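First the structure, in the form of structure tokens, and then the observations on it.
Only the coordinates and a few stated rules stand behind these numbers; no lab work does. A quick note: this is a predicted structure, and the numbers were derived from the prediction, not measured. Quick reminder, even Gly has a Cβ in these numbers, built from the backbone with ideal geometry, and neighbours come from all protein chains shown.
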Amino acid sequence: MAINFTSLYYRNPYCSEFEAEVLRCEGPNKKGEYQIILSDSAFYPEGGGQPGDRGRLGHVRVLDTRFIYDEHVHICDGSLSPGQKVRGRLDFERRFDFMQQHSGEHLLSGLAKEHYGATNVGFHINEFEMTLDFDKEISEQDALFLEDRANEIVFKNLDIDILFPEEKLLIDLDYRSKIDLSGPVRIVHIAGVDDCACCGTHVKKTGEIGLVKLVDMIKYKGGVRITCLCGRRALKDYRRLAEQAAGISQAFSLNSRELMPDLARSLDKISALEESLKKRNEELVDILSGLAKGQYLLWFDPTLDKKTQKVVAKYAAEAGLAACFSFIPLDQDGAENQFRYVFYSPEAPLDSVQKALSKAFPVRGGGRGGFFQGQVEAAYDELCAFFVQEFGPELFIWPKN
Ligand SMILES: [Zn+2]
């Protein structure tokens, strides 16, 4: 395919507003879209891995720009009249972002070829990321080297020139090319870094690319696929990651500058807690297996909190007991003889036990049927004596003092 390099988007890739004449307008198609052809245009048509531009032509929106049967077509949501002059306005923030990504791709592909003999065999930009496919594997360390070198070239702010070398010069020029082109060959030239035949839009200076950050690398078709962010995208990603780091540091009360060692310590603590919980569950299973079905369990456990007390009492009772009477200290630092209690029985009503307890001690609590909870002011020995009197030899006390 011969490409017309005289279009406005080639003459001035920084052009964001222009005037042109409407040559044709066709449509609408089934989607309600119109195909508009202009006398000239700053809208880049999708090609070479770079998406087509969007923006406005007068009052209509340009949804996409494409080459269709060798024609430069603006896909629009409204119609325009042939012969009318129209003002075009690009979504230039979006286009400049693509120019940053695309130019960054040239740096990385040139460097990968120079240092590792890896050829870029696939390239794609979308709104979120840019992927580069290489035909050879690149190690993590080598990828870091490429990232460093690419950023050094950005800092040097080198020219990115567009050249159309004569055929005889082209023969001697060592340049990268993905497809065979007829007509003049457009070379994107970064002195000392890369020469590549390319039909996309690029920035004029490497400094405009901004930060080049490789964010992912996977094995792909015998080589690797690298995901890269350039310029504003890299900044946005840095901001996103920094926000996440701040969120994690807040959630775990960590120093966000030393997140990993601090987080590792917190995760160790969680592992230790999980281990002690596992031990606790094993102890629970031990206790339950020592009990006969239909027995009553009186259980004092200072390690449980209010929430787990309920869960554990229910779990214990449903394991085959007649009932579980669970007591935990009301306040870890408070008076010794005050307990929070949970009574649970899967079948027997416990109203009479609650009533008798209220008669014997100061109690605040309530419930019905097989579930009661509340607070009681009584000593461990007094509670043991009370339950022994209620249930006699069918009572199992844990722990026994
Ligand atoms: Zn290019």
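Over the stretch 8-90, what is the mean sequence separation of C-alpha contacts under 8 Å (at least six apart), divided by residue count, expressed as relative contact order in percent? Relative contact order for the stretch 8-90 comes out at 36 percent. Per residue, the convex hull around the alpha carbon atoms of the stretch 96-230 comes to 105 Å³. For a straight C-alpha distance cut-off of 27 angstrom, the lysines reachable from LYS219 (same-chain residues fewer than eight places away being disregarded) are LYS113, LYS136, LYS178, LYS236. Legend: helices of the chain (whole DSSP H runs) are marked when their alpha-carbon atoms reach 18 angstrom or more along the helix axis and their mean Kyte-Doolittle hydropathy is at least -0.5; marked are 140-156, 259-289.
Using a Gaussian network model of the chain in which every pair of alpha carbons under 10 angstrom is joined by a spring, one finds that among PHE164, PHE361, PHE67 the greatest mean-square fluctuation is at PHE361. Please give the FRET efficiency for ASN157 paired with LYS307, using the beta carbon to beta carbon distance and R0 = 60 Å, rounded to the nearest 0.05. Working from the Cβ atoms, E equals 0.50. Put simply, the amide H of LYS205, placed in the peptide plane, has neighbours under 5 Å in ILE160, leaving out anything fewer than 5 places away on its chain. Note on LEU273 and ALA360: their simple-model spin labels are 3.5 nm apart, each label 7 Å out from Cα toward Cβ.
When ranked by the protection proxy of mean other Cβ atoms within 10 Å per residue, highest first, what sequence do the peptides 258-271, 98-111, 4-17, 225-238 form?
98-111, 225-238, 4-17, 258-271
When a/c is below 1.5 the answer is rounded, else prolate if a/b is larger than b/c, else oblate, so apply that to the stretch 8-90 with a ≥ b ≥ c taken from the square roots of the Cα gyration tensor eigenvalues.
oblate
For LYS314, the lysines whose Cα comes closer than 16 Å to its Cα, not counting residues fewer than 8 places off in the same chain, are LYS293, LYS306.
For a straight C-alpha distance cut-off of 22 angstrom, no lysines are reachable from LYS31 once same-chain residues fewer than eight places away are disregarded. Relative to its residue count, the chain spans a Cα convex hull of 250 Å³ per residue.
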